[in-house]
Amino acid sequence: MKLWKKKSHQEILDRVKSALDQNRSFYKEPILGMPCSYLDSKIFPGNSPILANAPFLQTLVNNPNHIGCHTVATSEATFEGTQQLERELLDIIACDIFKAEHGNYDGYVATGGTESNIQALWIYREYFKAQGLSNDEIAVVCSEDTHYSISKGCNLLCLNQYKVKVDPETRKMALEDISAKIKSFKDKGMKGVVFVANMMTTMFGSVDDIDVIATALQSSGLDFKIHVDSAYGGFYYPFINVDTKLDFSNPLINSITVDAHKMVQAPYGTGIFLIRKGFMKYTLNQDASYVKGEDYTLVGSRSGANSVAVWMILTAHGPHGWSEKVYILKKRTDWLCQKLKESKINFFREKKSNIVTIPAKHVNPKIEKKYYLVPDSHSKPSWYKIIVMEHVSVGFLESLVEDLSLELAEHY
Ligand SMILES: *Cc1c(COP(=O)(O)O)cnc(C)c1O
C-alpha cells in the first residue's frame with residue numbers, strides 16, 4: 001500500500017477544497033458554452049451553512065461533470081481539480097488493492113457494477129472485431145452463478161453467452177463442463193473468448209478458480225481475455241486473501257469491476273472500472289468531438305461528487321483501518337457459521353467470505369420477512385442469503401440463529 005494513506009478530517013477537507021478551487025466555478029466565472037451549471041439554488045443554495053465542513057455536499061452543489069476517461073485523455077479543464085482526485089482514487093484501488101503497475105492501467109468511476117461489466121464486454125467485442133472477428137465468433141463465458149449484468153451486456157452487445165455449470169455443493173465451476181462448453185463453441189466457429197471470472201458471486205460469495213480457467217483456455221488455442229467481476233467482493237476479498245491471483249499481478253487478468261456502493265458504503269453511482277493500458281481505445285467515440293478528450297465510457301455525463309465520496313471514505317479509514325473493518329466482518333461471519341454448525345443448520349460459505357447462504361428448507365416465510373433474507377429466486381427459492389455488512393451485528397445474527405433453530409426443532 002504505497003499510495004493509500006490515512007488522512008485526518010482536516011487533511012481531507014483541505015484536499016477536497018483545493019480540488020474544488022482548481023475546478024472552474026459556475027458561481028464566479030463566465031462559463032458560457034456548457035450545458036451544465038451548479039445545482040438549482042432554490043433547493044440547494046451554494047452558501048448554505050450545511051455545506052461548511054461537508055466536502056461531499058460542497059462538491060455535489062458545485063456539480064462537476066466527469067464525462068470521459070481521465071486516465072487516458074486530458075479532459076475538460078473546467079473540472080480538472082476533482083478529475084485529479086478521481087485519478088488519485090483510481091490509483092489507490094488499481095495499484096494498492098489490485099496490484100496494477102502505476103501508470104499502466106486506465107479506468108473511471110462508472111454508474112455501477114453493471115456498467116463496468118458492460119464496458120468490459122464492449123471493449124473486448126471491439127478488440128476482437130479489430131482482429132477481424134464477427135460477433136458470432138466471440139463467446140462470453142462465465143459460471144452460472146455469475147451476476148445477470150453479464151447476460152444484460154451480451155443481449156445489448158449481441159454476443160453469445162455460455163454459462164458453465166457449478167457444483168451444487170462447492171459452487172465451483174465443473175471442470176468437465178468448462179471443457180464441454182469450450183468444445184461446443186469451438187465447433188460453432190468461435191475464435192475469441194471473453195471469460196468473466198468472479199471474485200465473490202452475488203448469491204454465494206463464491207470465487208472462481210483462475211488456474212483451472214486459465215489452463216482450460218490456454219489449451220483451447222483460442223484468443224481470450226479475462227475480466228474479473230469483483231463488484232461485490234473487491235473491497236473485501238483481497239484484504240482477507242492477500243495472495244489472490246484475481247488481480248493485475250496475474251498477467252492473465254486484463255480488467256476488473258469493483259463497486260464502492262456495496263461494501264464501501266459509498267453513495268450509489270460508484271462502480272469502478274479498471275483495465276490494463278492500451279484497451280480503452282477500442283471504445284473511443286470520435287463523434288464525441290464537442291467533449292474535450294472525447295469519450296471512451298458507456299455513461300457520458302457523471303457526477304464528480306461520486307469520486308470525491310469514495311476517495312474520502314477510503315482515505316478516512318486508511319489501509320490498516322480498512323483491513324480491520326474487513327476483519328471484523330469476517331469474525332462476525334465466523335461466529336454465525338459456528339452457531340449454525342452447533343444448531344445443525346446447513347449452509348454454504350466460501351472460505352473466509354462474509355456471505356452465508358442457507359438452503360430454503362430452513363427458512364419459513366416468517367423468518368424470511370423478519371430478517372429481509374434474499375432468495376436466489378423469488379418465484380422458486382432454493383437458497384436464502386445473509387450478508388454480514390457493517391450494520392449486521394452479532395445481536396441480530398444471534399436472534400436469527402435462534403429463530404432458525406426453533407423452526408428446525410418444529411419440523412424435523
Ligand atoms: C451487484 C453486482 C453487480 C452489479 O452491480 P450494480 O452496481 O448493481 O450495477 C455485478 N456483479 C456482481 C458480482 C454484483 O454483486
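None of the figures in this text is laboratory data; all of them are computed from the coordinates on show. Quick caveat: nothing in here was measured; it's all calculated off a predicted structure. No Cβ is skipped: glycine too gets one built from the backbone with ideal geometry, and neighbour counts run over all protein chains shown.
Using only the Cα atoms, what convex hull volume per residue in Å³ does segment 1-145 have?
Measuring per residue, one finds 193 Å³ for the Cα hull of segment 1-145.
Any idea what Rg and Dmax come out to for segment 318-411 if you just take the C-alpha atoms, in Å?
13.6, 48
Among Gln161, Ile213, His70, pick out the residue whose Cα is farthest towards the positive end of the charge dipole of the chain, where Lys and Arg carry +1 and Asp and Glu carry -1 on C-beta, about the Cα centre.
Final value for the positive-end residue is Ile213.
Which of Met280, Met263 comes first, and how do the rest follow, when ranked by fewest Cβ neighbours within 10 Å? The partial results should precede the final answer.
On the way: Met280 22, Met263 25.
Starting with the residue having the fewest Cβ neighbours, the order is Met280, Met263.
If I build a Gaussian network model for the chain, linking alpha-carbon pairs within less than 10 angstrom, which residue out of Tyr296, Tyr268, Tyr162 has the largest mean-square fluctuation?
Among Tyr296, Tyr268, Tyr162, the largest mean-square fluctuation in the Gaussian network model of the chain belongs to Tyr268.
Looking at Ile226, Val193, Ser143, which one has the Cα that reaches farthest to the positive end of the dipole of segment 100-245 (charges on Cβ: Lys, Arg +1; Asp, Glu -1)?
Of the candidates, Val193 comes out farthest on the positive side.
Suppose we keep just the DSSP beta bridges with both residues in the chain; what percent of those would be antiparallel, to 5?
If we restrict to bridges inside the chain, about 55 percent are antiparallel.
To the nearest 20 Debye, how big is the dipole of segment 318-411 about its Cα centre, given +1 on the beta carbon of each Lys and Arg and -1 on that of each Asp and Glu?
The dipole magnitude comes to about 240 debye.
Please give the calculated 222 nm ellipticity per residue for the chain, where each DSSP H segment of at least 4 residues contributes -39500 (n - 2.57) and the sum is spread over every residue; nearest 500 deg cm²/dmol?
Helices in the chain give a 222 nm mean residue ellipticity of -12000 deg cm²/dmol.
Between Ser343 and Val242, what length in nm is gained on full extension when 0.36 nm per residue of separation is reduced by their alpha carbon distance?
Values: separation 101, 0.36 × 101 = 36.36 nm, distance 3.19 nm.
Full extension of this stretch gives 33.2 nm more.
Whole angstrom only: what separates the Cα centroid of segment 18-48 from the Cα centroid of segment 75-117?
23 Å
Calculate one ³J(HN,Hα) per residue across segment 229-243 by plugging θ = phi - 60° into the Karplus curve 6.51 cos²θ - 1.76 cosθ + 1.60, and present them in order as whole Hz with x for glycine and proline.
9, 10, 3, 7, x, x, 9, 10, 4, x, 7, 9, 10, 5, 9
Tell me, in nm to one decimal, what length is gained between Glu101 and Lys351 on full extension, where the rule is 0.36 nm per residue of separation less the Cα-Cα distance?
Here the segment from Glu101 to Lys351 would lengthen by 87.1 nm.
Please state the equivalent ellipsoid semi-axes for the chain: what are the square roots of 5 times the Cα gyration tensor eigenvalues, largest first, in whole Å?
37, 30, 18
Under 19 Å between alpha carbons: how many lysine pairs meet that in segment 1-86, if sequence neighbours fewer than 8 apart on the same chain are excluded? All intermediate terms of the calculation are to be shown ahead of the outcome.
Working: Lys5/Lys17; Lys6/Lys17; Lys7/Lys17; Lys17/Lys28; Lys28/Lys42.
Value for segment 1-86: 5.
In a GNM of the chain with a 10 Å cut-off on Cα contacts, which of Asn254, Asn198, Asn346 has the highest mean-square fluctuation?
Among Asn254, Asn198, Asn346, the largest mean-square fluctuation in the Gaussian network model of the chain belongs to Asn346.
Would you work out which of Ile367, Val326, Phe396 lies farthest towards the positive end of the dipole of segment 318-411, given +1 charges on the beta-carbon of Lys and Arg and -1 on that of Asp and Glu, about the Cα centre?
Positive-most Cα among the choices belongs to Val326.
Considering all projection directions equally, how large on average is the shadow of the alpha-carbon convex hull of segment 95-220, in square nanometres?
8.6 nm²
Within segment 326-412, which GluC sites (Glu not before Pro) sit in a loop by DSSP and count at most 16 neighbouring Cβ atoms inside 10 Å?
Glu390
Could you tell me the calculated FRET efficiency between Met34 and Lys2, based on Cβ-Cβ distance and R0 = 45 angstrom, to the nearest 0.05?
It comes to 0.75.
Label Asn53 and Ser399 with points 7 Å out from Cα along Cα→Cβ: what is the distance between them in nm?
Each label point is offset 7 Å from its Cα along the Cβ direction, giving 3.3 nm.
To the nearest 20 debye, what is the magnitude of the charge dipole of the chain about its Cα centre, counting +1 on the Cβ of each Lys and Arg and -1 on the Cβ of each Asp and Glu?
On the way: 47 positive and 47 negative charges, 61 e Å.
That gives a dipole near 300 debye.
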